[in-house]
Amino acid sequence: MLLANVTVDRAFVVGPVRRRTFGSFVEHLGRCVYTGLHDPGHPTADADGFRGDVVDLVRELGVSTVRYPGGNFVSGYRWEDGIGPRAQRPARLDLAWHSTEPNTVGVDEFVRWARKAGVEPMMAVNLGTRGIQGALDILEYCNIRGGTAWSDRRRANGAEEPHDIRMWCLGNELDGPWQTGHKTAHEYGRLAAETARAMRQVQPDLELVACGSSGSGMPTFGEWERVVLTETYDVVDLVSAHAYYCEEDGDLASFLASAVDMDHFIDSVVATADAVRAARKATRRIHVSFDEWNVWYAGRAESRPPTGDDWPIAPTLLEDRYNVADAVVAGSLLISLLRHTDRVHAASLAQLVNVIAPIMTEPGGRSWRQTTFHPFALTARHAAGEVLRAAIDAPVHDTTRFGPVSAVDAVATYEPSTGDLVLFAVNRSVSRPVALTFHPRGFPRLRIVEALTLSNPDHTWSATPDDPTSVLPHPNPSATADDDTVRVDLPPVSWTMLRLRLP
Ligand code: AHR
């Protein structure tokens, strides 16, 4: 048994728990929208064709914002194709995913779905094949009350009230050579700046997100952020970061330590943004929107788009089945995001349904929760109030990708109005259990409300629609509390939530 100590102090607050940390992402990709969100023949479908069972799962997941409609898809998207009478909407080639986009679902339907699911829509504009005018038109369509060509079109299409979308992404991953309309940092920075300036002439108080890097391994990482933020600093609020992780070549130890990369990624973007701030003698800070993060086995066959003459509608793409280790990593990435709550002001689990998703559906049939659903849902539900910095004293082991890493990672949140202190912790050791002692300074006589652990002797177990409960987090009977410490055992490859309450 390894021994570890985690200490938090009531006075060491990183910042508030932000609901927007628990965002997600819906792209017109594979079966995310069609047969995922939207399945008119499904027994639970509403008048728009949206599945009620999926809406219920999205609510249970605790998602706050949902980024839409892409992703790579947005870089070739003509949003006007998705409005008005459905019979008149054109089908288009989607170059990003070599698919046919029927445009059955567009911005009006998505906003109606978002209201029903209780989530805030976060819209991305196409800065790949389009530019300032396209962005201004969709903004006018969505947010102007009426009396103009586009706003009156929205009203004629049945949305009398403005959609009132506050967060807008200025394109998607334009640093990536795979992106339709890929650009250099300078080309993108200029376009993003002028698009942002024009959008603010329409509505000054929008929250605008410039594209950062699509991964910390990109050759342009760092320099991209410096150039883009130098161009856009005064007109954007956030810069994006995207990261996907997977187990490579059976190297579980490195995979479990993926949050080391996320920590480094966030710290580097923050350092670059602050360097631009200093150089420009600005006072305002730019924050991070980590608007794509997840486990994704991108190298597997299910992530390869069709080729040749085949342009299917809603093909099976990126339908990764997640196991227990994947869920532990997803939980640990949330720990990293919370730890950086002072500078990460928004984040999106990519994606929401069917496509690298916590929620899976059968067309016309069942829906179920993947393993990754559980740490997300529990963190979204119970992280509240303030994030407390956790000082971690744990054994260190070597990993091929990240060098020496701590076996334990953790963060805590405290909600003064309820007296709830919640510890989220992972054991990243492949084979050794950890006896964890938690020292909550300034919180006397805490009692344990709940101790839940997600683990399995076989970390490769996945949930299936026939057996959805075998990988649920289970009560951890080892948790005990005395006057000033709490003890709990963490099995190898596990994620744990410890809910404590002041008397
Ligand atoms: O989420 C899947 C894809 O990953 C998105 O379309 C793209 O932005 C990223 O590369």
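Quick note: the coordinates plus some simple rules give every number you see, no bench work behind them. No experiment lies behind these values; they were computed from the predicted model shown. Every residue, glycine among them, receives a Cβ derived from its backbone with ideal geometry; neighbour counts consider all protein chains shown.
Computed over the Cα atoms of the chain, what is the convex hull's projected area averaged over all directions, in nm²? Reported value for the Cα convex hull: 23.2 nm².
Neighbour counts of other Cβ atoms within 10 Å put CYS142, CYS246 in the fewest-to-most order CYS246, CYS142.
Taking θ as phi - 60° and the Karplus parameters 6.51, -1.76 and 1.60, the scalar couplings of region 348-358 work out to 9, 5, 9, 10, 9, 9, 6, 8, 5, 10, x Hz in sequence order, x denoting glycine and proline. Once divided by 2.2 N^0.38 Å, the Cα radius of gyration of region 349-390 becomes 1.50.
From least to most packed, judged by other beta carbons within 10 angstrom and beginning with the fewest, LYS281, LYS183 follow the order LYS281, LYS183. Hey, what D do you get for region 160-223 in µm²/s if you plug the Kirkwood alpha-carbon radius into Stokes-Einstein at 10 °C and 1.306 mPa s? Rounded, D is 122 µm²/s.
Bridges between two residues of the chain, per DSSP, are antiparallel at a rate of about 60%. Selection among SER429, LEU502, ALA47 by position relative to the dipole of the chain gives LEU502 as farthest towards the positive end (Cβ unit charges, Cα centre).
If you wrap the Cα atoms of region 40-153 in a convex hull and average its projected area over all directions, you get 7.8 nm². When a/c reaches 1.5 or more, the comparison of a/b and b/c decides; with that in mind, is region 188-345 rounded, prolate or oblate per its Cα gyration tensor? Note, shape of region 188-345 comes out oblate. Computed 3J(HN,Hα) for region 6-13, one whole-Hz value per residue from the Karplus formula 6.51 cos²θ - 1.76 cosθ + 1.60 where θ = phi - 60°, is 10, 10, 10, 10, 4, 8, 9, 9, glycine and proline marked x.
Close amide H contacts of SER99 (hydrogens built in the peptide plane, cut-off under 5 Å, sequence separation of 5 or more or a different chain): ASP94. Model label points for ARG166 and GLN88, set 7 angstrom from Cα along the Cα-to-Cβ axis, are 3.5 nm apart. Region 334-372 and region 426-447 have Cα centres spaced 26 Å apart. Taking label positions 7 Å along the Cα-Cβ direction at both THR480 and ALA435, the computed distance is 1.0 nm, reported to one decimal.
Summarising the amide proton neighbourhood of GLY15: residues at separation of 5 or more, or on other chains, whose placed amide H is nearer than 5 Å comprise VAL387. Across region 482-488, computed HN-Hα scalar couplings (Karplus, 6.51 cos²θ - 1.76 cosθ + 1.60, θ = phi - 60°) run 10, 4, 9, 9, 10, 10, 8 Hz from first to last residue, x flagging Gly and Pro.
Here TYR188, TYR244 are placed in order of increasing Cβ neighbour count within 10 Å, fewest first, which gives TYR244, TYR188.
The mean sequence separation of alpha-carbon pairs under 8 Å and at least six residues apart, normalised by the residue count of the chain, gives a relative contact order of 20 percent. Hydrodynamic analysis of region 433-503 uses the Kirkwood radius over alpha carbon pairs. Inserted into Stokes-Einstein at 25 °C and 0.890 mPa s, it gives a translational diffusion coefficient of 184 µm²/s.
For ALA357, nonlocal amide neighbours, meaning residues 5 or more places apart or on other chains whose placed amide H falls under 5 Å from its own, are ASP320, GLN351.
Under Stokes-Einstein, with the Kirkwood radius over Cα pairs standing in for Rh, what whole-number D in µm²/s applies to region 382-503 at 37 °C and 0.692 mPa s? It diffuses with D of about 213 µm²/s by this estimate.
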